[in-house]
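Report on the structure given below.
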Amino acid sequence: MMKPSTACSLAVATALTLMSGVVEATVVTTCKAAAGSDGRVDYDFCVAELGKHHDSPSADTWGLAKVAALTGVVNAENAVYDIKDLLAKHGTDGEARAALGQCQELYDGMGFAFAEAHDDINSRDYAEGTEKAGEAAALAHRCDDAFAKAGIPVTSPVTQYSDYSVQIAAEAAAKEKQVNYKFCVSELGKHHLSPGADTWGLAKIAANMGVNNAYGAINDIEGLQAKPGTDARTKVALGQCHDLYDGMKFAFAGAYDEINARNYTAGKEEAAKAVSQAHQCDDDFMKAGIMSPLSQRSSYSVQIAIVCTAITNLIK
Ligand SMILES: *[C@@H]1O[C@H](CO)[C@@H](O)[C@H](O)[C@H]1NC(C)=O
């Protein structure tokens with residue numbers, strides 16, 4: 001089996017390749033996986049296309065979406081090959097054969113759906129592209145169902161072709177320009193609970209990661225406060241930020257609880273509080289004329305709050 005290629009874009013949908021194991025999503029891995037699994041994918045083109053237009057998220061998303069769709073085609077083709085291999089194996093019983101036969105058709109259809117999604121995205125018809133990617137995803141889920149009904153354990157190689165976290169990160173990135181899809185996929189992919197989580201679960205995972213980051217920031221702050229030679233102005237700003245990140249822990253934890261209770265409006269309000277707290281800490285340093293030593297913590301907080309919000313908006 002291939003390694004997870006994980007593309008974050010609208011199409012990705014299930015492209016999903018996804019093997020077991022943790023998804024590490026970067027342009028490079030996406031392109032490597034795409035190129036490695038099919039000679040038609042030009043690795044250099046892929047990286048160049050995805051890495052282009054750093055200041056233009058929509059252009060970036062466009063390129064990534066196309067590669068993701070292409071990856072989806074390739075993965076569907078690979079799934080068909082895997083199925084043919086399984087069918088050729090001795091000892092595959094009747095029920096399993098029937099499920100595999102069904103899945104072969106489903107993955108054939110999935111390849112077409114991704115190819116159409118690619119063309120739609122290429123002509124910037126995102127609505128149609130997203131729909132086609134969604135169709136592809138649905139086909140993958142039907143295959144999963146066929147296996148489940150046949151009582152084939154989840155370890156079925158074909159089941160692994162659908163990874164919801166990537167799909168959702170993709171949709172979130174497609175819908176909300178503010179979402180940094182690379183960040184989104186790589187962060188969600190890191191979490192051990194992501195594989196198998198639904199949209200609701202992923203929104204909670206994002207909130208949880210916000211809590212963890214706030215704890216990390218507090219730890220950083222306390223380290224800096226204890227460091228000899230930290231000047232007085234920096235100490236004042238650090239003290240202010242300590243309070244802010246303390247509050248942010250509760251904001252993200254509150255977002256988690258509200259989303260868990262399915263009170264999405266309240267959950268998003270909590271995530272917005274976290275964003276504002278991160279900005280306030282930046283401001284404290286700016287006003288003191290000091291470069292913030294917490295800028296990475298801050299941008300992480302903002303980004304994970306945006307991801308959490310965007311995913312919450314996708315919950316049906
Ligand atoms: C959602 O949470 C807010 C704030 O805590 C609360 O005012 C509101 O009543 C809650 N809504 C529901 C439907 O529980």
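Computed from the coordinates by the stated procedures, all read-outs in this text should not be read as laboratory data. Since the model is a prediction, treat every value here as computed from it, not as a measurement. Heads up, the Cβs are rebuilt from the backbone with ideal geometry, glycines too, and the neighbour counts pull from every protein chain shown.
Here is the figure for segment 251-291: residues that are of a type in the set (K, R) and at positive phi total 1. When each of A266, A261, A206 is tested for being within 16 Å of the ligand (Cβ to nearest atom) and within 16 Å of A310 (Cα to Cα), the lone residue that passes is A266. Just to be sure, is D283 of a type in the set (D, E), more than 11 Å from the ligand (Cβ to nearest atom) and out of contact with any Asp or Glu (no Cβ under 6 Å at 6 or more places or on another chain)? Yes; evaluated as a whole, the condition is true for this residue.
Any residue at all in segment 227-239 that's farther than 21 Å from F183 by Cα, of a type in the set (S, T, N, Q) and touching a residue at least 12 places away in the same chain (Cβ under 8 Å)?
The first filter runs over segment 227-239 and keeps only residues farther than 21 Å from F183 by Cα, leaving 227-239.
The next check asks that each one be of a type in the set (S, T, N, Q); those that pass are 230, 234.
Then drop every residue that is not touching a residue at least 12 places away in the same chain (Cβ under 8 Å), which leaves 234.
Checking segment 227-239: at least one residue is farther than 21 Å from F183 by Cα, of a type in the set (S, T, N, Q) and touching a residue at least 12 places away in the same chain (Cβ under 8 Å).
For first residues located in segment 268-295 and more than 14 Å from N213 (Cβ to Cβ), partners that are among the polar types (S, T, N, Q) and part of a loop (DSSP other than H, G, I, E, B) and lie 6+ apart or on another chain with Cβ distances below 6 Å form the pairs D282/S292; F285/S292.
Answer with yes or no whether A251 is within 16 Å of the ligand (Cβ to nearest atom), closer than 22 Å to L188 by Cβ and aliphatic (A, V, I, L, M). So that I can check it myself, show each step before the final result.
Numbers: within 16 Å of the ligand (Cβ to nearest atom): yes; closer than 22 Å to L188 by Cβ: yes; aliphatic (A, V, I, L, M): yes.
Yes: the conditions hold for A251.
Checking every residue in segment 275-283 against the condition of being among the hydroxyl-bearing types (S, T, Y) and farther than 19 Å from G216 by Cα gives zero matches. Residues in segment 256-302 that are more than 16 Å from C241 (Cβ to Cβ), surrounded by fewer than 22 Cβ atoms within 10 Å (Cβ to Cβ) and out of contact with any Gly (no Cβ under 7 Å at 6 or more places or on another chain): 11 in all.
Taking the options A271, A214, A310, name whichever one is closer than 18 Å to E187 by Cβ and either within 16 Å of the ligand (Cβ to nearest atom) or not in a helix (DSSP H, G or I) (or both). Steps first, answer last, please.
Working: A214 fails: either within 16 Å of the ligand (Cβ to nearest atom) or not in a helix (DSSP H, G or I) (or both); A310 fails: either within 16 Å of the ligand (Cβ to nearest atom) or not in a helix (DSSP H, G or I) (or both).
On inspection, the qualifying residue turns out to be A271.
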